[in-house]
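S.K.: Dropping a structure here in structure tokens format, bear with me for questions.
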Amino acid sequence: MDNQYKELCEKLIKTHSLSLGEYETLIGQRDEEAAKFLAGEASRVSRSIYGNQIFVRGLIEISNICKNDCLYCGIRRSNRNCERYRLSPEEILECADVGYQLGYRTIVMQGGEDGFFTDEVVCGLIKKIKEAHPDVAVTLSLGERSRESYQAMFDAGADRYLLRHETADEEHYKKLHPDFMSFQNRMECLKNLKEIGYQVGCGFMVGSPYQTNAHLAKDLKFIEEFKPDMCGIGPFIPHHDTPFKDEPQGTVELTCFLLSVIRLIYPPVLLPATTALGTIDPMGREKGVLSGANVIMPNLSPVDVRKQYELYDNKICTGEESAECRGCLENRMRSIGYEISLTRGDIQK
Ligand code: 5AD
Ligand code: FES
């Protein structure tokens, strides 16, 4: 790390903003020393707002049926080898109850874009969860929907919505998605969600095919301007039944570096150490937290369907042993000096 690079870091820490070119340099010229420095600053910033608390979100994977065909994703519709499942509303409510009993105060319903989950069905689920557990935050992650649909679900009581933008560069977006999906629409969805009043999460994969540092610089600029409440980033991991099966996976190193940068761009952001990060490195989630992440999303789905929600190969927490991720994560976080927080974990801005 030379003096010029150090100045770039100081500027980021002070102003929470760099130009596109500066972000590109920050990424392109990073070394171990720089990563260490930024991770230290990022975790200091995170601790100053959230202490040593790591928020947990109980994740229910409600369906792996999807009408989309993202080239990277194992549950894309043209994957004939994917064994499809859909949880019934009763099963979903049961999972939410189990999560509540485990202490979780945020329930995330995530799924493919499955036509079964109409506004009526989803709104019914939200109302029932809120009725049973008024102190729970309900997060949705159900892909692209109309503004009216987002509004109806918000009115039914949903608090948060996760929709990764995947890449802030339109040309890159086109290389990762089929022709019928549009970058414009995805960005429009994010804007609508924010206007409606959701706490909104965006995000992207690190090391996705064709990704350049210039693309990543655009992702960082987008985050700087959009100021998402949450930001999910994890390494791209090839799935054997997708067109990207032979593409190289993203790295722990770059993912952690970007976690630190994102924390410094927007200090209060809720930043998960993702399951994908834990999948490519047994200590990935710990490394993520030590780089500035402050959220973990343990799986609450019934164990018998977990293997089927296979977005990428070798996903962790899908075996019998993981029926109870809660204790596992508690130990893991404690081992690095952090505590699991059983609160809603809203953003503190
Ligand atoms: N590797 C890593 N992440 C993936 N996702 C989908 N497929 C993969 C993959 N092969 C991510 C996408 C999506 C989120 C739910 O999972 O970013 O938005
Ligand atoms: Fe799931 Fe450790 S977090 S088994």
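S.K.: Output the qualifying pairs, or none if there are none: Cβ atoms under 7 angstrom, residues six or more apart or on different chains, first residue in region 71-95 and in contact (Cβ under 8 Å) with a residue 12 or more places away in the chain, second residue away from ligand 1 (no atom under 15 Å from the Cβ) and charged (D, E, K, R).
M.R.: From residues that are in contact (Cβ under 8 Å) with a residue 12 or more places away in the chain, the pairs are Leu93/Lys128.
S.K.: Okay, next question. Exactly one of (1) part of a helix (DSSP H, G or I); (2) over 22 Å from Arg263 (Cβ atoms); (3) basic (Lys, Arg) is unmet by Lys218. Its number?
M.R.: It is condition (2) that Lys218 fails.
S.K.: Name the one entry in Ser291, Ser335 that is crowded, with 22+ Cβ neighbours inside 10 Å, within 20 Å of Arg47 (Cβ to Cβ) and more than 16 Å from ligand 1 (Cβ to nearest atom).
M.R.: Testing whether each residue is crowded, with 22+ Cβ neighbours inside 10 Å, within 20 Å of Arg47 (Cβ to Cβ) and more than 16 Å from ligand 1 (Cβ to nearest atom) leaves just Ser291.
S.K.: Being in contact with a Lys or Arg (Cβ under 7 Å, 6 or more places away or on another chain) and at pLDDT 95 or above narrows it down to one residue among Gly207, Gly157; which is it? Step through it out loud before you land on a result.
M.R.: Details: Gly207 fails: in contact with a Lys or Arg (Cβ under 7 Å, 6 or more places away or on another chain).
Within the list Gly207, Gly157, the selection yields Gly157.
The rows are residues; the columns are (1) closer than 26 Å to Leu270 by Cβ; (2) in a helix (DSSP H, G or I).
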position	(1), (2)
Arg84	no, no
Ile92	yes, yes
Ala96	yes, yes
Gln101	yes, yes
Glu113	yes, no
Phe116	no, no
Val121	no, yes
Lys127	yes, yes
Glu131	yes, yes
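S.K.: How many residues are of a type in the set (D, E, K, R), more than 21 Å from Arg77 (Cα to Cα) and part of a helix (DSSP H, G or I) if we restrict to region 166-200? Write out each step before concluding.
M.R.: Restricting attention to region 166-200, the residues satisfying the condition of being of a type in the set (D, E, K, R) are 166, 169-171, 174-175, 179, 186, 188, 191, 194-195.
Still in the list and also more than 21 Å from Arg77 (Cα to Cα): 169-171, 188, 191, 194-195.
Within this subset, residues satisfying the condition of being part of a helix (DSSP H, G or I) are 170-171, 188, 191, 194-195.
Selection size over region 166-200: 6.
S.K.: Please go through region 225-250 and give me each residue that is part of a helix (DSSP H, G or I) and under 17 Å from the mean Cα position of the chain (by Cα), ordered by number. Please lay out each step first, then the result.
M.R.: Taking region 225-250 and keeping what is part of a helix (DSSP H, G or I), we get 225-226.
The one that is part of a helix (DSSP H, G or I) and under 17 Å from the mean Cα position of the chain (by Cα): Phe226.
S.K.: Determine the pairs where a residue that is without any contact (Cβ under 8 Å) to a residue 40 or more places away in the chain, located within region 332-343, has a partner that is among the hydrophobic types (A, V, I, L, M, F, W, C) and surrounded by 13 or more Cβ atoms within 10 Å (Cβ to Cβ) with Cβ atoms under 9 Å apart, the partner being 6 or more residues away or on another chain.
M.R.: From region 332-343, the pairs are Arg334/Ile340.
S.K.: Of the residues that make up region 329-345, is at least one within 24 Å of Ser208 (Cβ to Cβ) and not aromatic (Phe, Trp, Tyr)? If you could, list the steps in order and put the result at the bottom.
M.R.: Restricting attention to region 329-345, the residues satisfying the condition of being within 24 Å of Ser208 (Cβ to Cβ) are none.
Within region 329-345, not a single residue is within 24 Å of Ser208 (Cβ to Cβ) and not aromatic (Phe, Trp, Tyr).
S.K.: Which of (1) within 15 Å of the chain's Cα centre (by Cα); (2) over 15 Å from Tyr23 (Cβ atoms) is the odd one out, the single condition Pro267 does not satisfy?
M.R.: (1)
S.K.: Do we find that Asp346 is farther than 19 Å from Val56 by Cα and surrounded by fewer than 20 Cβ atoms within 10 Å (Cβ to Cβ) in this structure?
M.R.: Working: farther than 19 Å from Val56 by Cα: no; surrounded by fewer than 20 Cβ atoms within 10 Å (Cβ to Cβ): yes.
Taking the combined requirement at face value, the residue does not satisfy it.
The values are calculated or read from the model by the stated rules, or taken from the named source; none is laboratory data. The structure displayed is predicted, hence computed values, not measured ones. Cβ atoms come from the backbone with ideal geometry, glycine included; neighbour counts cover every protein chain shown.
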